[in-house]
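Shown next, in structure tokens, is the structure this report addresses.
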Amino acid sequence: MKADKFVIAGVMVVFATWGVFVLIDESKSEDNQMTPTAVQLPIEGEIPSLSGATGWLNSEPLTPSSLRGKVVLVDFWTYTCINWLRTLPYIRAWAEKYKDQGLVVIGVHTPEFEFEHDFDNVQREAKAMMVDFPIATDNDYGVWNAFDNHYWPALYIIDAQGQIRHHEFGEGNYDVSEKIIQQLLAAAGNKEVSNELVTVNPRGLEVAADWNNLQTPETYVGYDRTENFASPEGPVLDEAHVYAAPVQLTLNHWALSGDWTMGGQATTLNQTNGRIVYNFHARDLHVVMGPIVGGTSVRFRVLIDGKAPETAHGGDIDEQGNGTVTEQWLYQLIRQSGSITDRQFEIEFLDPGVAVFSFTFG
């Protein structure tokens, strides 16, 4: 389950921490910066064991005892999660800014889809996204369960005594999280902690969602969790079937056309010229997909309202809507500007052999 969150800024900021409400009173300092009054943070428990990790990247295995004396930020993620990708600029910035002041950032990569279990895939994508802090791969959900976590993304902030003092589920509240990091670093004896907050310049997939225009939820294409499937014959489970798509779709409904096999996690294309159509309302549209056979590629073409996307094209296609699936990844296909309305998206695959997992929006 992924968690979304909205941010409300103001003079008084109230946020919930495991049922305990904390009030931060902000006042201007002599240098005209907003600095938080220290608050009594609740203790949510001890940092649990990290021994459930199935591997480590960028670090030797870490333990609660080896982290004692450090402020720790544990970040649960999976590399095709758009909600996590939009938090990443802040996580990277905090890791860099506070690494010499006593902060240790640990990314716990707990996979959602089967291909995200592949260690080489995680290593490749972490490098591409400049994630150079320690990563615990959590293929068996050992760390996830130890924290009793339920969301991507999820942050847990732990003090120098190994006690969990704050958590955030979903996107947003970055200023609150950073101020708590600063407070815990200062409490641990660091006298050089700046009250300034990081400034980020996200690009591509990392740009924050247009929440005011986001009316379409994440949609899974495998039958285990799909909703609003509109092909007239309904889903045919685990068997090749030729589907048809209605001429018109209602908002937030999707359909298949062509020869597909709908599996639990993904739907795979058996013959060329298979299509997926989706009526959506959002600035951005992404698709998690990849070739069934490693090392192969699948060409595709995108239309929006029956035409080439032109200036509405995403980062992974050109203005005419042409693109190629080369790896299992989250592809950005539509990024609109200006007024956002209901639109009909269509993707046609010109080669067989693609597996489509989910649609996400922003």
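What to note about this one:
- Considering only the chain, percent of DSSP beta bridges that pair antiparallel, nearest 5: 85 percent
- Between the listed residues 78, 190, 162, the Cα displaced farthest toward the positive end of the dipole of the range 12-206, a dipole computed from Cβ unit charges relative to the Cα centre, is found at 190.
- Max mean-square fluctuation residue, GNM over the chain, Cα-Cα springs under 10 Å, options 129, 289, 262: 129
- Sorted by Cβ density within 10 Å, fewest first, the residues 127, 191: 191, 127
- Each residue of the range 298-313 was assigned a 3J(HN,Hα) from its phi angle through the Karplus expression (A = 6.51, B = -1.76, C = 1.60, θ = phi - 60°), giving 10, 7, 8, 9, 10, 10, 10, 6, x, 10, 4, x, 6, 5, 8, 6 Hz with x at Gly and Pro.
- As an equivalent ellipsoid, the range 12-206 spans semi-axes of 27, 18, 16 angstrom, where each value is the square root of five times an eigenvalue of the C-alpha gyration tensor, largest first.
- Summing Cβ point charges (Lys, Arg +1; Asp, Glu -1) relative to the Cα centre of the range 12-206 gives a dipole of roughly 380 debye.
- Calculated diffusion of the range 211-361, Stokes-Einstein form, Kirkwood radius summed over Cα pairs, 20 °C and 1.002 mPa s, µm²/s: 142 µm²/s
- Dipole magnitude for the chain: computed about the Cα centre from +1 point charges on Lys and Arg Cβ and -1 point charges on Asp and Glu Cβ, it is near 480 debye.
- Farthest toward the positive end of the dipole of the chain, out of 270, 336, 228, is the Cα of 336, where the dipole comes from beta carbon charges about the Cα centre.
- Top positive-direction residue, dipole computed over the chain with Cβ charges, set 357, 111, 133: 133
- The charge dipole of the range 211-361, taken about its Cα centre with unit charges on the Cβ of Lys, Arg, Asp and Glu (plus for the first two, minus for the last two), comes to roughly 240 debye.
- Given [x] 5, 23, 30, 22, 14, 6, 1; [y] 5, 18, 20, 16, 14, 10, 5, 3, 3, 3, 1, 1, 0, 0; [z] 6, 26, 36, 24, 7, 1, the label whose value is P(r) over Cα pairs in 10 Å bins from 0, in percent derived from this model: [x]
- Every helix of 4 or more DSSP H residues in the chain counts as -39500 (n - 2.57), and over all residues that averages to -3500 deg cm²/dmol at 222 nm.
FYI, it's all coordinate maths here, none of it is from the lab. Because the structure is a prediction, the values reported are computed rather than measured. As a convention, Cβ positions derive from the backbone with ideal geometry for all residues, glycine included, and neighbour counts pool all protein chains shown.
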